[in-house]
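Some notes on the structure that comes next.
The values are calculated or read from the model by the stated rules, or taken from the named source; none is laboratory data. These figures come from a predicted structure and were not determined experimentally. For neighbour counting, all protein chains shown are included, and Cβ atoms are generated from backbone atoms with ideal geometry for every residue, glycine included.
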Amino acid sequence: MGKKTIVLGVIGADCHAVGNKILDYSLTEAGYNVVNIGVLSPQEDFINAAIETNADVIMVSSLYGHGEIDCRGMREKCDEAGLAGIKLYVGGNIVVGKQDFSEVKSRFVQMGFDRVYPPGTSVETALKDLNEDMGLLEAIGA
Amino acid sequence: MEAFLFIDFGSTYTKLTAVSAEDDVILATAKSYTTVETDVMDGYRTAYSDLMTRLDNGIEFTKKLACSSAAGGLKIVAIGLVPELTMEAAKRAALGAGARVTDVFSFKLNNSEVKKIKASKADMILLAGGTNGGNTDVIVHNAKMLKDAKITIPVVVAGNKSCNDEIIEIFEGHMNYFITENVMPSLNNINVEPARETIRKIFMENIVKAKGMVHVKEFISGILMPTPAAVLKAAEVLSEGTKNEDGIGDLAVIDIGGATTDVHTVCEGAPSKPSVILRGLEEPVAKRTVEGDLGMRYSALSLYEAAGRKYMRRHSLENIESIDVEKEFEKRNRETDFVPIEDKDIHFDEVMAKICVDISMTRHAGTVTQVYSPLGMMYSQEGKDLMELPYLIGTGGVIVNSKNPSGILKAGLFHEEDLESLKPRHPKYLLDKEYVLSALGLLALVDEDKALRMLKKYIVKC
């Protein structure tokens, strides 16, 4: 089976690059084909990249609090672009202020995201979910 | 005495340039009308006998090289997947090969689009789509569509390498096809050189036949390329230098013709200021853009449309109220061999040239947009930053024959009305005084060092 492809990037007017680099490194180490579109990326760039590279997952980071606005309509745009069923992950500091995360999560799930992560999530958590979603758990004997 | 002969088959003129094999001098030049309707060789013979009268006896041409833009030049249809990604990469590869991109298509082709391609008078199709290991179904679908329509135009396949075998299976025995490397092997990274080379090879082998140049191949010494590709080659050598000698560094060449305005830049175009983040598709170091709507004669009407009164005022068409501007543009569109003699006509032509330079540079140069972020003001750049570009070179009849070439080139500078555009701010102006850029580009294929020395000699300050 070929490597699974992840489109990775930081959405909106957000230019926090450090977490993006850490994710790029860790996911690549874990055996994924990472297509990193970097910071300051609009939704369209994630979607275009996913089409060209035939990606399995789009992984969105946001640290500056505007994630909720930036991510709105992303699932609908994916459906429109022929990417029905592609996995959407989002994580970071995705909303303004200190809000109850379970509420935040349900709002993002409503928006069509498959996995939603609070601040301080370790890469391992996301990797475990990734392996599960990609059907790789059996492959690694977990 | 030994010499090299360079031939430029243009759409209206055939130009010959004789260069001494020993010294770095141009011995003579000659030109004559090109007659594509009958045989381009007629124009060549007239120009050749004219050239011989200007040369000393006993000249022997050891090499004859040609470039051609006759019969509308090399026309390519580019097909990609996402418009901003592989379609754009395919378009850039075709432009860099010296082609005119007559049409572009993205995503899966439908029947009417394929019909349009079939009916087009394109010389080649450049088929791209998908990064290596990426999307496969769209390019395979498009390959099938082209095959089913029994298209006879040569197809250059420069897409996802993972589909090459499948495409060969579809095309084999049905299509005239050439497989080359992907124009976008990974996201936002472009790889235009292999596609350019393939296009140039096909141009030599196939296209010359179609353009009434069957006899041309017999007497030239092997190299025939599209004229814009020769100009881009000259620009590359002058900028980057050779193994033995340094070039002059980053530069731009503006070539204003009757039908199009070409801009070539050889530079990285990296941000010249801090806090700038680069976005979008990578830019080729040697980049060419063609503006089909900006030209002095055939495209005079579309130039009028693109310019509007704003640009005419910007470039000080002083008597704009007193003359019928539209009529002037129409006249030049109708009489494509019109040569201005009176001062007011010369002034009008120069204003047109300035508008061509201004708009074509705006379209070629990158842009920067402000982004307000929690880290303060950031800038996002797309395309090349030409702000600190050191050299701007002018070529094409209207600039070469002008009394004020630097005045025309100045129109390509940064303007406070377009704050986001990254056009040059303070370049030095150079002029292709003898109109030999394409000839020296051909020379570079034989002897790069000699070409570089001659470029430095014949491209002069203005």
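Computed values, structure above
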read-out	value
Test: residue in segment B:349-363 that is farther than 29 Å from B:L419 by Cβ and either of a type in the set (D, E, K, R) or part of a helix (DSSP H, G or I) (or both)	yes
Residue in segment B:43-61 that is within 14 Å of chain A (Cβ to nearest Cβ) and among the small types (G, A, S) present	no
Given (1) within 12 Å of the chain's Cα centre (by Cα); (2) facing another protein chain (nearest Cβ under 9 Å); (3) of a type in the set (A, V, I, L, M, F, W, C), index of the condition A:L63 fails	(1)
Scan of segment B:363-377 for residues that are touching a Phe, Trp or Tyr at 6+ places or on another chain (Cβ under 8 Å), within 7 Å of another protein chain (Cβ to nearest Cβ) and of a type in the set (A, V, I, L, M), ordered by number	B:V371
Residue match in segment A:12-23 (condition: under 21 Å from B:S186 (Cβ atoms), within 13 Å of chain B (Cβ to nearest Cβ) and not polar (S, T, N, Q))	yes
Residue identified as in contact (Cβ under 8 Å) with a residue 60 or more places away in the chain and of a type in the set (D, E) among B:D50, B:D23, B:D8, B:D56	B:D8
Filter result for B:L301 (within 30 Å of B:M87 (Cβ to Cβ), part of a helix (DSSP H, G or I), more than 14 Å from chain A (Cβ to nearest Cβ) and at pLDDT 90 or above)	yes
Selection from segment B:258-271 of residues that are modelled with pLDDT under 90 and either closer than 19 Å to B:T362 by Cβ or not hydrophobic (A, V, I, L, M, F, W, C) (or both)	B:G258
Single condition A:Y32 does not satisfy, out of (1) more than 22 Å from B:V276 (Cα to Cα); (2) surrounded by fewer than 21 Cβ atoms within 10 Å (Cβ to Cβ); (3) among the hydroxyl-bearing types (S, T, Y)	(2)
Enumeration of residues in segment B:145-159 that are out of contact with any helix residue (DSSP H, G or I) (no Cβ under 6 Å at 6 or more places or on another chain) and buried (at least 17 other Cβ atoms within 10 Å of the Cβ)	B:L146, B:I153, B:V155
